[in-house]
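Just below is one structure, and these are the notes that go with it.
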Amino acid sequence: MSVFEAPDFDHHETVAFFDDKRTGIRSIIAIHSTALGPACGGTRMYPYSTTEEALTDVLRLSRGMSYKSAIANIPLGGGKAVIIGDPARDKTEARLLAYADAVNAFGGRYITAMDVGMGPDDMPVVARGTQHIAGFDQPGKTGGDSGPLTALGVFVGLKAAVKHRLKVDTTQGLTVAIQGLGKVGMGLAKRLHAEGAKLVVADVSADAVNRATELFGAKAVSPNEIVTAACDVLSPNALGAILNEQTIPKLQAQVVAGGANNQLARDSDGIALKGRGILYAPDYVINGGGIIRVAGQIFGWDDAEIERRVLAIGDTLALIFRRADTESAATNLIADRIAEERMASAANSELKAAE
């Protein structure tokens, strides 16, 4: 099967395969779109069982980054990289530096960052070989943990959804079920508690659950119960594909707004949510705080500018909700349309400028 025939190939601009015989590293870098700016997306290191599996992942993820950057209204395109290997066994300094050479081959059209299997200790090593890298602590640049900013974006996005669906300006008195109490989920819980929301929480970590119950007076339920718990708002901040044909009929929430990636098992599940009158905040819109933080580091924005752009996530979602009502369409499909319109507009502007 050629790349062009791959089910997830979506007119990607470039898909490059790298095989460094000296170090043994094998990687694939995909650039989906540079219409809005250089392609940006993390590097994932994973022991894929086949090259086809790795190709599928990099094609899907790079396309997703194009949409995420476009909807966040930042001057970046979408790209992604995968390194085929076990990060616990196959990661060496020589291989990371060879990977930096692969990034350099794009001449700045692709900017890499962290993803699964690549940690804060790895990025400075890669950075020794390439300047086309962001999303980690670098002297003299904005950066740091993106968790608090992602949580802020989820909070303002959740409030925008509540205002549209429930016609209230505050979460005070509402019951919010939070699935996942990592940096984003716990940060969200803190903000919601401060505003007076009632919290129902679940996490695989008993320590995280105990912290939430002690600090925020949250009610704990099992991970198996949280998605269908009685609540006004369901906030998924852990697993993907939790909104599917099995769970959607059982949801008690009127709003779904959380930071987890790939919450819909299929695009059609967004239509199913609309059919039930449940307002869904598209995941790649509401969790855009992370890519905004990375963009801030790339373009030298100060903290105030980065926060302003994160707060604008609420305005973007309000626009999506209004347009979804006007066009009688699911919110995930409207978000896609807006992102596609922005990329197409930028591409057309480039063509006109070249004439």
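The values are calculated or read from the model by the stated rules, or taken from the named source; none is laboratory data. Worth saying up front: this structure is predicted, and the values here are computed from it rather than measured. Here the Cβ positions follow ideal geometry from the backbone for every residue, glycine too, while neighbour counts run over all protein chains shown. Heads up: the accessible areas ignore ligands, DNA and RNA and are worked out on the full protein's heavy atoms, side chains in. Shrake-Rupley method; radii C 1.70, N 1.55, O 1.52, S 1.80 Å.
List the residues, sorted by chain then number, that are 5 or more residues from Y280 or on another chain and whose placed amide H is less than 5 Å from its amide H.
V256, T331
Angle check, please: helix 289-299 long axis (alpha carbons) against the longest principal axis of the chain (alpha carbons), in degrees 0 to 90, nearest 10.
Approximately 40 degrees, to the nearest 10.
In Å, what Rg and Dmax follow from the Cα atoms of segment 114-222?
17.4, 52
Quick one: Karplus J couplings for segment 13-18, per residue in order, coefficients 6.51, -1.76, 1.60, θ = phi - 60°, nearest Hz, x for Gly and Pro?
Each residue of segment 13-18 in turn: 5, 8, 10, 10, 9, 10 Hz.
Give me the Å³ per residue figure for the convex hull around the C-alpha atoms of segment 216-355.
Output value, Cα hull per residue: 144 Å³.
Using the crude model of +1 on Lys and Arg Cβ and -1 on Asp and Glu Cβ, and no other charge, please compute the dipole size for the chain relative to its Cα centre, in debye to 20.
680
Could you check the spin-label model distance between E93 and L319? Points 7 Å from the Cα along Cα→Cβ, value in nm.
Result: 4.7 nm between the two label points.
Ordered by residue, what ³J(HN,Hα) values in Hz, to whole numbers, does segment 148-155 give under the Karplus form 6.51 cos²θ - 1.76 cosθ + 1.60, where θ = phi - 60° and Gly and Pro are x?
x, 5, 5, 4, 4, x, 5, 4
So between N104 and E305, what do we pick up on full extension, going 0.36 nm a residue minus the alpha carbon distance?
69.5 nm
May I ask you to work out the translational diffusion coefficient for the chain at 4 °C, viscosity 1.567 mPa s, via Stokes-Einstein with Rh from the Kirkwood sum over Cα pairs, reported in whole µm²/s?
Reported coefficient: 62 µm²/s.
Give me the angle, in degrees from 0 to 90, between the Cα long axis of helix 93-104 and the longest principal axis of the Cα atoms of the chain, rounded to the nearest 10.
90
Taking the Cα centre of segment 57-97 as the origin, how large is its charge dipole in debye, to the nearest 20, when only Lys and Arg (+1) and Asp and Glu (-1) carry charge on their Cβ atoms?
Charge dipole, segment 57-97, about its Cα centre: 140 debye, nearest 20.
Please provide three numbers in whole Å: the alpha-carbon extents of segment 129-184 along the principal axes, with the largest listed first.
Principal-axis extents of the Cα atoms in segment 129-184, largest first: 51, 21, 16 Å.
Give me the lysines in straight-line cross-link reach of K91: C-alpha distance below 16 Å, same-chain residues under 8 apart excluded.
Partners found: K21.
What does the helix-only formula give at 222 nm for the chain: each DSSP H stretch with n ≥ 4 adding -39500 (n - 2.57), the total divided by the residues, and the result rounded to the nearest 500 deg cm²/dmol?
-14000 deg cm²/dmol
Considering amide H positions built from the backbone, and no H for Pro or chain starts, which residues 5 or more places from Q179, or on another chain, come under 5 Å of its amide H?
So Q179 has HN proximity to S235, N237.
Could you list which residues have their amide H under 5 Å from that of I133, counting only those 5 or more apart in sequence or on another chain, with H placed in the peptide plane?
Result for I133 returns T112.
Just to verify a number: what accessible area does K219 come out at with the full protein assembly present, 1.4 Å probe, Å² rounded to tens?
Looks like 130 Å² after rounding.
What accessible surface, in Å², does a 1.4 Å probe find on R95, ignoring ligands, DNA and RNA and rounding to the nearest 10?
60
Among the listed pairs K80/K167; K167/K190; K167/K198; K163/K274, which have their C-alpha atoms separated by more than 27 angstrom in this model?
K80/K167
Relative to the compact-globule scaling 2.2 N^0.38 Å, provide the ratio for the alpha-carbon radius of gyration of segment 36-195.
In units of the globular-protein estimate, segment 36-195 measures up at 1.22.
Which whole-Hz couplings ³J(HN,Hα) result when phi for each residue of segment 307-322 is put into the Karplus expression 6.51 cos²θ - 1.76 cosθ + 1.60, θ = phi - 60°, listed in order with x for Gly and Pro?
Taking θ as phi minus 60°, the curve returns 5, 4, 5, 5, 4, 5, 4, x, 5, 4, 5, 4, 4, 4, 5, 5 Hz for segment 307-322.
With unit charges on the beta carbon (Lys/Arg positive, Asp/Glu negative), name the residue among V176, F18, G129 whose Cα is farthest towards the positive pole of the charge dipole of the chain.
V176
By how many degrees, between 0 and 90 and to the nearest 10, does the Cα long axis of helix 183-195 differ from the longest principal axis of the chain?
Compared with the principal axis, the helix lies near 30 degrees.
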